[in-house]
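Below: one structure, written as structure tokens.
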Amino acid sequence: MKDLNYQLKNLCTRNPDGSHNTQADRQLLLQAMANQLFKLGYRRMEAKSLKPKHIDALVAHYLEEGLSSGTIKNRLSILRWWAEKIGKQNVVAKDNAYYGIAERVFVTNISKARDLDSELLEKITDPHIKISLELQKAFGLRREEAIKFSPDYADKGSYIHLKSSWCKGGKARDIPIRTDEQRELIKRAHLIAGKGSLIPSHLMYVQQLRLYEKLTDAVGLSKLHGLRHRYAQERYQELTGWPAPACGGPSHKELEENERLNDRVARFAISQELGHEREQISAVYLGR
């Protein structure tokens with residue numbers, strides 16, 4: 001048994017917090033974390049040597065694996081337990097949002113759409129981050145997808161293909177390229193990324209995410225998930241011919257029978273483009 005595994009096992013034995021099931025689950029997860037840290041290159045680590053770089057490396061690995069937000073939050077709680085027991089509570093950020101872990105959103109008929117302020121965008125000095133932001137707006141990408149985007153891999157001519165490891169839940173998907181503006185953006189992404197991705201080769205995803213957060217905060221760009229809402233609402237009007245309920249358009253009850261069919265087809269297409277399996281989730285973006 002490696003030193004870290006042995007020390008974490010002893011840490012659990014000395015601190016039997018919670019039910020027997022809770023203790024058993026905690027020990028299993030800590031052993032898995034020790035093994036993963038070893039694979040990530042931390043070969044001589046001890047339990048007391050836990051640092052922020054270890055947390056960042058694990059979270060980056062979990063995101064690469066496409067684990068759900070709930071699963072990652074659970075593992076962060078285990079890491080906080082570990083940090084507390086060695087007297088290093090501040091090693092793990094108190095807010096999960098620091099690691100880019102999404103919170104749940106709820107359905108309303110109030111639009112949460114946001115535009116990308118062109119003046120603020122021009123203040124973004126890093127070309128990789130700037131293109132990532134433009135991709136979020138143009139294709140409704142999640143932040144992680146836009147940061148990991150590799151145009152050489154994704155560009156299929158009439159559509160972009162998102163790799164499963166970029167996407168929430170590991171669900172690959174295709175999004176059509178419909179406009180000249182989108183095609184021009186992909187061309188610029190090619191020039192910046194070359195054969196790689198929009199993460200410079202010397203950085204990990206978590207490091208690029210931190211830079212993204214730092215630069216967008218510095219220029220005043222916020223609530224950027226709203227770019228997905230705007231994409232969804234613009235696609236809805238394009239596909240149906242009328243505004244979404246969240247934009248003041250007719251509610252489902254107000255639609256005629258043939259309009260309801262168009263509504264359902266549009267919602268399904270938009271849900272697929274946004275990376276959701278269920279048409280019902282479109283109500284979060286479009287209203288109902």
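Here are some notes:
- Residue that is nearest to F149 (Cα to Cα), among those in the range 162-182 that are over 20 Å from the mean Cα position of the chain (by Cα) and among the polar types (S, T, N, Q): Q182
- Residue check for A97: out of contact with any strand residue (DSSP E or B) (no Cβ under 8 Å at 6 or more places or on another chain), closer than 21 Å to E144 by Cα and in a helix (DSSP H, G or I): yes
- Against the test of being out of contact with any helix residue (DSSP H, G or I) (no Cβ under 6 Å at 6 or more places or on another chain), assigned to a helix (DSSP H, G or I) and in contact (Cβ under 8 Å) with a residue 40 or more places away in the chain, the options Q233, Q207 yield a single qualifying residue, Q207.
- Residue match in the range 165-172 (condition: farther than 26 Å from R235 by Cα and open to solvent by 20 Å² or more (accessible area, probe 1.4 Å)): no
- Of all residues in the range 252-262 being closer than 15 Å to N109 by Cα and loosely packed, with under 11 Cβ neighbours inside 10 Å, the one that is modelled with the highest pLDDT: E254
- Extreme residue, farthest from K53 (Cα to Cα), among residues of the range 210-230 that are hydrophobic (A, V, I, L, M, F, W, C) and assigned to a helix (DSSP H, G or I): L227
- A count restricted to the range 12-36 and to residues that are of a type in the set (S, T, Y) and either surrounded by 15 or more Cβ atoms within 10 Å (Cβ to Cβ) or part of a helix (DSSP H, G or I) (or both) stands at 2.
- Some residue of the range 37-56 being surrounded by 14 or more Cβ atoms within 10 Å (Cβ to Cβ), part of a helix (DSSP H, G or I) and touching a residue at least 60 places away in the same chain (Cβ under 8 Å): yes
The values are calculated or read from the model by the stated rules, or taken from the named source; none is laboratory data. Quick caveat: nothing in here was measured; it's all calculated off a predicted structure. In this analysis, Cβ positions are derived from the backbone assuming ideal geometry, glycine residues included, and neighbour counts consider all displayed protein chains. Side chains are part of the model used for accessible areas, which takes the heavy atoms of the whole protein and leaves out ligands, DNA and RNA. Shrake-Rupley method; radii C 1.70, N 1.55, O 1.52, S 1.80 Å.
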